[in-house]
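> Structure below; questions to follow.
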Amino acid sequence: MVLVMLGVVQLAISIALLLFASTGADLPPWGGPLDGLIAFTLVATGFIIWRRAADSAGIRELRIGHGVAAIVPALVLVAIWCYREALDFNVLLPGLAWRTWLVLYTMPFAVTLLNRTAPPGAR
């Protein structure tokens with residue numbers, strides 16, 4: 001559970017930096033290296049989550065991941081459309097693409113880890 005929460009925090013910080021950079025505002029000098037470090041650790045966390053749960057992800061977790069994959073990209077596109085005048089798509093889209101892929105790929109395995117740590121009656 002701690003590993004999944006760490007990934008969520010890393011993702012939130014990474015997306016916040018991406019959104020800030022895509023508004024045209026200048027990141028501080030440490031913003032770029034911080035974003036690179038967080039991106040590296042986010043990918044590493046996703047790999048560790050995948051590695052720990054790859055053999056035990058079942059159909060339930062894959063269905064949850066598929067449901068998220070069916071809804072989240074559409075909601076992201078609506079949000080981008082609503083704020084299209086304020087966003088620099090040359091910055092936003094590449095960063096958003098790899099983050100979305102990582103989340104959608106890791107989701108079933110993160111759900112598997114969360115189910116392992118949940119009490120038996122909470123599933």
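The values are calculated or read from the model by the stated rules, or taken from the named source; none is laboratory data. In this text the structure is predicted, and so the values were computed from the model without any measurement. What goes into the accessible areas is simple: the full protein's heavy atoms, side chains included, and nothing from ligands, DNA or RNA. Shrake-Rupley method; radii C 1.70, N 1.55, O 1.52, S 1.80 Å.
> Compute the length gained on full extension between residue 82 and residue 9: take 0.36 nm times their separation in residues and subtract their Cα-Cα distance, giving the result in nm to one decimal.
That works out to 23.8 nm of additional length.
> Sum -39500 (n - 2.57) across every DSSP H segment of at least 4 residues in the chain, then divide by the residue count to get the 222 nm mean residue ellipticity, nearest 500. Don't jump to the answer; show the numbers that get you there.
On the way: 4 runs with 97 residues, N = 123.
Computed mean residue ellipticity for the chain: -28000 deg cm²/dmol.
> Further question: Under 8 Å for C-alpha pairs, at least 6 residues apart: give me the relative contact order for the chain, rounded to a whole percent. Please report the intermediate quantities before stating the final value.
On the way: 85 pairs, mean separation 53.6, N = 123.
Once normalised by length, the contact order is 44 percent.
> Alpha carbons only, please: Rg and Dmax for the chain, in angstrom.
My reading of the Cα-based Rg and Dmax gives 15.9, 49 Å.
> Could you give the length gained by full extension between residue 43 and residue 91, i.e. 0.36 nm per residue of separation minus their alpha carbon distance, to one decimal place?
15.4 nm
> Still on this structure, I have one more. Give me the 1.4 Å probe accessible area per residue for the chain, excluding ligands and nucleic acids, in Å².
Numbers: 7880 Å² over 123 residues.
The answer is 64 Å² per residue.
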